[in-house]
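The values are calculated or read from the model by the stated rules, or taken from the named source; none is laboratory data. Because the structure is predicted, anything quoted here is derived from the model rather than measured. Note: ideal-geometry Cβ built from the backbone for every residue, glycine included; neighbour counts use all protein chains shown.
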Amino acid sequence: MSNRQQRRMQEKSLRKQPSAAAAPPMVSRENAVSAFQAAVRYHQANRFREAESLYRQLLALDDRHVGAISGLGMIEFHAGRYDAALEMIRRAIALGASEPGYFMNLGAASVKAGLPEEAEAAFREAIARDPRYGDPYYDLGNLYLAQGRADEAVAVFDACMVARGRDFHALAYQAHALAAAGRTDEAGRLLDFDTLVKSYAFAPPDGYADMASFNKALSRYIRTHPTLQGGVMSTENGRHTGELIKPPLGPMEGMIARIDEAVRWYKAQLPDDPSHPAVRWAPDKWRLTAWGVVMHNRGHERPHIHPNGWLSGVFYPQLPAVIDDPAHRPEGWLEFGKPTGQLNVAGGFDIRQYRPVLGQMFLFPSYLYHGTVPFRSEERRVCVAFDVEPIY
């Protein structure tokens, strides 16, 4: 399992983790397979102590267990002991580990250990072993950006999309790599916020007299949703629900129809440019996924994208008064153009900030980096975010 895969898994979903009370099993030859599976689950849940115990027990039974060796290597990686991580990952590969993820891990550890040439070779080996594996493209391109080789990074992200088709992770990176390479016209075409970020107003769904009553019902539905919890995805000082498009739908039933209307409207507004990724990959059919976010004082979203979506959106049923206070502008506003801090590009970004409005929906391509500006208020900021996932 690659380091990036673990990060993306942590950010993507509210996954079920092993019970905190559950103790790792004692490993024997009879249960070695299930013990390794348990170790991986603990590892994915960031319960490194339990995972390490199982990995070491597995190695006591078989000192050539490449999965356990690699797992220990990644635990060393997360602890910041990069030389030890490299030793373990190299050992796993020398023992015959051949899946591309092992080389991805080797590259990640080599970057941290200050061995860029070994990292480059490892990422390229991972790509060669599985050209449709996205992670090594992302990290190889990011390595090139760190080295000031922005044009080569652009080429890597382009190769990723040739191999994988629609890949909004690579596209997001490429947009900012183009800017880093001084190719401002190409970057501006992808980051054309004036054209690609749109607001959509709609009538209240059936059963609601006006938008105020709908907003009140939707806000309460989100604030009391049983899946609401903190510490997930990119939300800071706030809480995040699980999937909203499943029973009981409550006010989301009417929202689904309005989102579908908005998606069709957005498609009709797209520029007449079949070569633009947002146009080229616009789907005829799609599925919706949605979640709610409740923020409190100093709440915000870190810059992120939604790589599984084609189009993303956000709707605001409840906002703190500070949003409209000129003295605190732009606290709590929606922000575009600032990439994740993990991407090795310098500043000078074209930052755009949009003021949320009650009952207003924003729509934008899912590859655009977006987040929110922290706000200071004890009032809650409630929104419904959604992705339009293409069905091709």
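Any chance you could count how many residues in the stretch 253-292 are touching a helix residue (DSSP H, G or I) at 6+ places or on another chain (Cβ under 8 Å) and either in contact (Cβ under 8 Å) with a residue 24 or more places away in the chain or surrounded by 14 or more Cβ atoms within 10 Å (Cβ to Cβ) (or both)? Total satisfying the criteria: 12.
Count of the stretch 148-163 residues, restricted to those that are within 17 Å of residue 348 (Cα to Cα) and part of a helix (DSSP H, G or I), is 1.
Inside the stretch 120-147, can you point out the residues that are among the polar types (S, T, N, Q) and part of a loop (DSSP other than H, G, I, E, B)? Passing the criteria: only 147.
Against the list (1) part of a helix (DSSP H, G or I); (2) touching a residue at least 60 places away in the same chain (Cβ under 8 Å); (3) basic (Lys, Arg), the condition residue 166 fails is (1).
Screening residue 384 on (1) in a strand (DSSP E or B); (2) touching a Lys or Arg at 6+ places or on another chain (Cβ under 6 Å) shows it passes everything except condition (2). Remark: pairs (first residue in the stretch 86-113, in the same structural domain as residue 142 (by TED's automatic domain parsing) and of a type in the set (Lys, Arg); second residue surrounded by fewer than 21 Cβ atoms within 10 Å (Cβ to Cβ) and part of a helix (DSSP H, G or I); Cβ separation under 6 Å; 6+ apart in sequence or on different chains) = 112/82. Once the stretch 336-361 is narrowed to residues that are part of a strand (DSSP E or B) and more than 16 Å from the chain's Cα centre (by Cα), the residue that is surrounded by the fewest Cβ atoms within 10 Å (Cβ to Cβ) is 353. With the structure loaded, tell me whether residue 42 is out of contact with any Pro (no Cβ under 8 Å at 6 or more places or on another chain), buried (at least 19 other Cβ atoms within 10 Å of the Cβ) and in the same structural domain as residue 180 (by TED's automatic domain parsing) or whether it fails that test. So residue 42 does not fit the description; no.
The set of residues from the stretch 190-235 being modelled with pLDDT under 95, farther than 16 Å from residue 317 by Cα and surrounded by fewer than 16 Cβ atoms within 10 Å (Cβ to Cβ) comprises 206, 207, 229, 230, 231. Among the numbered conditions (1) in contact (Cβ under 8 Å) with a residue 60 or more places away in the chain; (2) crowded, with 23+ Cβ neighbours inside 10 Å; (3) touching a Leu at 6+ places or on another chain (Cβ under 9 Å), the only one that residue 332 does not meet is (1).
So, in the stretch 210-254, of the ones that are in contact with a Leu (Cβ under 9 Å, 6 or more places away or on another chain) and among the charged types (D, E, K, R), which residue ends up nearest to residue 373 (Cα to Cα)? The qualifying residue nearest to residue 373 (Cα to Cα) is 239. Take the conditions (1) surrounded by 14 or more Cβ atoms within 10 Å (Cβ to Cβ); (2) in contact with an Asp or Glu (Cβ under 9 Å, 6 or more places away or on another chain); residue 298 misses just one of them, which is (1). Quick one: count up the residues across the stretch 372-381 that are modelled with pLDDT of 95 or more and surrounded by fewer than 21 Cβ atoms within 10 Å (Cβ to Cβ). Count: 6.
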